[in-house]
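The values are calculated or read from the model by the stated rules, or taken from the named source; none is laboratory data. Only a predicted model underlies this, so the values are computations on that prediction, with no experimental measurement involved. All Cβ positions, glycine included, derive from the backbone under ideal geometry; neighbour counts span all protein chains shown. What goes into the accessible areas is simple: the full protein's heavy atoms, side chains included, and nothing from ligands, DNA or RNA. Shrake-Rupley method; radii C 1.70, N 1.55, O 1.52, S 1.80 Å.
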Amino acid sequence: MSFSYQTRNRLIQDMDKTKYDLLVIGGGITGCGIALDAVLRGLNVVLVDQGDFAGGTSSRSTKLVHGGLRYLAKGEIRLVREAGRERNALLNIAPHLVTPMPFIIPTSRKLAGAMSYYPMTLGLRLYDHLADVRRYERRVMLKPDQIEQAEPMLAGADMVGGGRYYEYVTDDARLTLEVAKTAHENGGHVLNYVEVVDLVITNGRCHGAKVRDVLSGKEWEIQAETVVNAAGPWVDDIRRKDAVRPRGKRLFHSKGVHIVLDRRELPVTHAVTLLPSDGRIVFVIPRGRFTYVGTTDTSYRGDLRNPVPTQEDVAYLIDVLNEGFPKHSFNKSQVLSSWAGIRPLIHEEGKKPGEISRADEMITSETGLISIAGGKLTAYRKMAERVVNHVIRVLQAKGRATRVKPCQTLTTPLTGVKGIAGTFESFKLRKRAELEQKGFQRETAERLVTTYGRHVDLVVAIHEEDDEQFHRDLLAADVRYAVWHEQALTVCDVLERRHPLFLFSHDQGRSAIEPVAKLMGDMLGWSPTRIHEEIWKAQESVERRNKWKGE
Ligand SMILES: Cc1cc2nc3c(=O)[nH]c(=O)nc-3n(C[C@H](O)[C@H](O)[C@H](O)COP(=O)(O)OP(=O)(O)OC[C@H]3O[C@@H](n4cnc5c(N)ncnc54)[C@H](O)[C@@H]3O)c2cc1C
């Protein structure tokens, strides 16, 4: 069964006849990670998301799989250790989606405490040790002239030295999608655009949810022995649907904004960790023809579905760039695109957003609803392992799930690299050469192999039937594959998450909107009105992010 709209529709038809071991609410990285862990152990699992996979915070992060240097500065040793180990684990199970990248971190006379030179020297060494950093990725301390040589953009910065260390970059939305698809391939029922409208409570226990297909309006009940609420920023909304009032911990929403510039305007050769004078950390990360900068960290009370950057957020990041790269001058007109995401943190009385711990926490209510909040993209696998261990204990206490396997996710490759022989690097070089021989440009060949891993052959086969190109970074074959094999159901699913042209392209993907809508309309049988609506929604999504320009 392919991971397509047809499979989704078929599953919806039969779902009210099934009793699941586990219902997961939320198709961000947390929920998808839990669903994958649970199916691999042999549980009967369903996952629903009110929108697209990674449609919430999981497509709006800094896109780092990181050891958590920032947590070290705050003394959160457990987080650093766990993040470091998980970083290594992800490099094994998803090498096509995780790329090691050298970071330069300059420090100046103005900086005090953990970020001044000598504490940083020790801190980075401790980081290597705690995060189990691979030998050739360990920190190297640099003198100011060595930093300037390595990263000429930093020339003229008030530096007393700094360090070079490694973090890994990823595509958060694709990582989430691959985890979802791997769960599907292992027997999970994984559905986007199905919203939980209420919880089903019988005899004081939570036994499922009333759900609604957002696309057709159909409503039904999902029956499940256990229910995990992995709704990210919406965790408390789901808790409020429980029969008992939420008690104890509650969420705190913090907004983080990123801006994207043309790489020629901000031509860093490394990622740079800037330490502005307000004591925060801001990353400058090259990504192909673009460089993105982020993030901010401010408390948030607005619309959770569509958070947007403000003029103030963008001005802050531009100021940080001007402070960090004093020989260069940046202004808002250079910003090509931007995005905002909401951190679902656990509220801590009296603390500012930047001071709140990023640790995750599981809360079980009196009805048995298990809510998971906080945490990081990086540590999703470990977080899922803890949650599923708990789910299994609950099931076993009821005499169920007596023959489950131990956690398998540490050694189970995600779908894009399942079964490839040798290292991903050798696979990539071989495939890229094959594609170049078939006439693909090097850039496209590289993109296709790193995006799809072993599924690239199927995308190329589709391209051989329809060789249209909609955008420099988008083939008609990408769209067809997204609909047939990645459960893409709207234009934004394709252009925001599966191929994020809204974020990383000079025209913010505008020129691709209409052709993508027409092709999807053809494939999914949309009426002219629906095609028109899809075009409008996609354009609206682009313009919403640009609203700050008119403030
Ligand atoms: C600005 C920023 C930068 C970050 N950078 C990093 C980073 O570089 N590295 C890192 O490791 N972490 C980073 N994080 C943290 C990381 O992104 C989050 O911890 C993670 O994405 C949260 O995932 P989630 O699945 O819990 O939430 P989400 O991704 O928001 O998923 C929750 C899902 O629940 C669904 N949902 C809600 N209500 C319902 C309902 N009623 N019915 C059905 N579905 C529902 C939503 O539609 C949503 O898709 C960053 C976060 C932010 C905001």
| query | Residues of the stretch 290-301 being away from the ligand (no atom under 12 Å from the Cβ) and in contact (Cβ under 8 Å) with a residue 60 or more places away in the chain, which ones? | reply | F290
| message | Looking only at residues that are open to solvent by less than 10 Å² (accessible area, probe 1.4 Å) and more than 16 Å from the chain's Cα centre (by Cα) in the stretch 94-106, which one is farthest from the ligand (Cβ to nearest atom)? | response | I104
| query | Which residues, taken from the stretch 42-59, are more than 13 Å from the ligand (Cβ to nearest atom) and surrounded by 24 or more Cβ atoms within 10 Å (Cβ to Cβ)? | reply | L43, V45
| field | Pairs, first more than 15 Å from D132 (Cβ to Cβ) in the stretch 65-79, second surrounded by fewer than 22 Cβ atoms within 10 Å (Cβ to Cβ) and modelled with pLDDT under 75, C-beta under 6 Å, six or more apart | value | A73/A114
| task | Kindly indicate which of L524, L519, L503, L495 is in contact with a Leu (Cβ under 6 Å, 6 or more places away or on another chain) and on the phi < 0 side of the Ramachandran plot. | result | L495
| message | Name the single residue that is nearest to the ligand (Cβ to nearest atom) among those in the stretch 195-217 being open to solvent by 50 Å² or more (accessible area, probe 1.4 Å) and over 29 Å from the mean Cα position of the chain (by Cα). | response | I201
| Matching entry among W526, W548 (being assigned to a loop (DSSP other than H, G, I, E, B) and not acidic (D, E)) | W526
| Consider T18 against the criteria (1) surrounded by fewer than 24 Cβ atoms within 10 Å (Cβ to Cβ); (2) within 11 Å of the ligand (Cβ to nearest atom); (3) of a type in the set (S, T, N, Q): it satisfies all of them except one. Which criterion is unmet? | (2)
| message | Take the conditions in contact (Cβ under 8 Å) with a residue 24 or more places away in the chain, more than 15 Å from the ligand (Cβ to nearest atom) and outside any strand (DSSP E or B) and apply them to V39. Does it pass? | response | yes
| query | Just a yes or no: is a residue in the stretch 464-472 assigned to a helix (DSSP H, G or I) and open to solvent by less than 10 Å² (accessible area, probe 1.4 Å)? | reply | no
| message | What pairs come out if I take residues in the stretch 255-268 that are open to solvent by less than 10 Å² (accessible area, probe 1.4 Å) and pair them with residues that are at pLDDT below 95 and of a type in the set (S, T, Y) whose C-beta lies under 8 Å away, six or more apart or interchain? | response | G256/T295; V257/T295; H258/T295
| With (1) within 26 Å of V235 (Cβ to Cβ); (2) modelled with pLDDT of 95 or more; (3) small (G, A, S) as the list, and G354 as the residue in question, which single condition is left unmet? | (2)
| When you go through (1) closer than 20 Å to L175 by Cβ; (2) touching a residue at least 60 places away in the same chain (Cβ under 8 Å); (3) not aliphatic (A, V, I, L, M) one by one for H499, which number turns out not to apply? | (2)
| query | Quick one: in the stretch 218-243, which of the residues that are part of a loop (DSSP other than H, G, I, E, B), open to solvent by less than 20 Å² (accessible area, probe 1.4 Å) and closer than 26 Å to T490 by Cβ is nearest to the ligand (Cβ to nearest atom)? | reply | A231
| query | Quick one: is N192 at pLDDT 95 or above, within 13 Å of the ligand (Cβ to nearest atom), closer than 22 Å to K376 by Cβ and open to solvent by less than 60 Å² (accessible area, probe 1.4 Å)? | reply | no
| query | Only one of (1) part of a strand (DSSP E or B); (2) without any contact (Cβ under 8 Å) to a residue 60 or more places away in the chain; (3) not charged (D, E, K, R) is not met by Y168, so which one is it? | reply | (2)
| Within the stretch 447-475, how many residues turn out to be free of Cβ contacts under 8 Å to residues at least 40 places away in the same chain, of a type in the set (S, T, N, Q) and either touching an Asp or Glu at 6+ places or on another chain (Cβ under 9 Å) or on the phi > 0 side of the Ramachandran plot (or both)? | 0
| task | Quick one: in the stretch 316-345, of everything that is open to solvent by 10 Å² or more (accessible area, probe 1.4 Å) and part of a strand (DSSP E or B), which residue is nearest to the ligand (Cβ to nearest atom)? | result | R343
| more than 30 Å from I104 (Cβ to Cβ), within 16 Å of the ligand (Cβ to nearest atom) and open to solvent by 20 Å² or more (accessible area, probe 1.4 Å): does that describe Y166? | no
| task | Filter the stretch 18-58 for residues that are hydroxyl-bearing (S, T, Y) and over 26 Å from V133 (Cα atoms) and give the result. | result | T18, Y20, T57
| request: Could you tell me whether any residue of the stretch 4-14 is within 16 Å of the ligand (Cβ to nearest atom), buried (at least 24 other Cβ atoms within 10 Å of the Cβ) and either outside the structural domain of V179 (by TED's automatic domain parsing) or at pLDDT 95 or above (or both)? | output: no
| message | Six or more apart or on different chains, Cβ atoms under 7 Å: show the pairs whose first residue is in the stretch 137-157 and farther than 22 Å from G67 by Cβ and whose second is open to solvent by 30 Å² or more (accessible area, probe 1.4 Å) and among the hydrophobic types (A, V, I, L, M, F, W, C). | response | P144/V160
| task | Taking only the stretch 270-315 into account, find how many residues are outside any loop (DSSP other than H, G, I, E, B) and open to solvent by 60 Å² or more (accessible area, probe 1.4 Å). | result | 3
| query | In the stretch 115-129, is there at least one residue being modelled with pLDDT of 90 or more and over 29 Å from E385 (Cβ atoms)? | reply | no
| remark: Residue count, the stretch 60-77, condition open to solvent by less than 20 Å² (accessible area, probe 1.4 Å), at pLDDT 95 or above and either in a loop (DSSP other than H, G, I, E, B) or assigned by TED's automatic domain parsing to the domain that holds V200 (or both), comes to 1
